[in-house]
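Following: one structure in structure tokens, then a few remarks.
The values are calculated or read from the model by the stated rules, or taken from the named source; none is laboratory data. Predicted, not measured: the structure shown is a model, and the values here were computed from it. Just the protein is used for accessible areas: all its heavy atoms, side chains included, with ligands, DNA and RNA removed. Shrake-Rupley method; radii C 1.70, N 1.55, O 1.52, S 1.80 Å.
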Amino acid sequence: MATYTHDQHSLSLGHANLRRSMVIEIIEKKIEYLRKEKTLNIYGTMMIGTTASFSGLLANFIFRHCFRVNHDALKTYVSLSILPFLSTVVAYKFLVTDALYSGNISQESCALRSSLVSIACGVLYPTALAFSKNGRLAVKYHTVPLPPRGRVLLYWVMLCQKEIKGMVIPLAFQASLGIYNGIQHYAIFESTLEKTVHED
């Protein structure tokens, strides 16, 4: 009877150790899956943010040349590199990453959201910001003829229409990059989710 109890205790102990090792292995695999997904998310977001910064620098260079502005170069270049980066990262987090984790969007919706964030924050926003900042400097330092009253915006647009067309290249690039990143992010998230469910 004592031998039977001892064997039963050893079997229970061995079973508990086996279960513990299996649980540890499952947890380690889940952590590895989540680490890979999180790494891709960070890399993808940083990549879109970085290209938005380059778009801001390009827009600033174009409009400084257009308005013949030579003042406050460091100030405008710094703001045109930092602000588009931050706005892109924050918008991508709220509109793409959070929505993806909630499970409320499809692959097409994820790619569309990512592309829209990339276009809006990576091209349109830095273009408008560079246009505004350098336009104010042009007025302040009288580097170009002042616009007539009532037609200020139209005057500036007509003055820089050729330069504005140059932003079509980063626009196409940002749109393509946004779609690609959205599809990749969704695919890795789905793969991570499936593997986690199978392990359970």
Go through F131, F63 and list them by solvent-accessible area, largest first, probe radius 1.4 Å. F131, F63
With θ taken as phi - 60° and the coefficients 6.51, -1.76 and 1.60, list the Karplus ³J(HN,Hα) couplings across the stretch 153-165 in order, rounded to whole Hz; mark glycine and proline as x. 4, 4, 5, 5, 5, 5, 5, 10, 4, 5, 5, 4, 4
Could you report the stretch 45-198's accessible area per residue, 1.4 Å probe, as an integer in Å²? 55 Å²
What is the ratio of the Cα radius of gyration of the stretch 66-176 to 2.2 N^0.38 Å, with N the residue count, to two decimals? 1.31
Based on the inverse mean of 1/r over its pairs of different Cα atoms, what is the Kirkwood hydrodynamic radius of the stretch 127-173, in Å? 11.6 Å
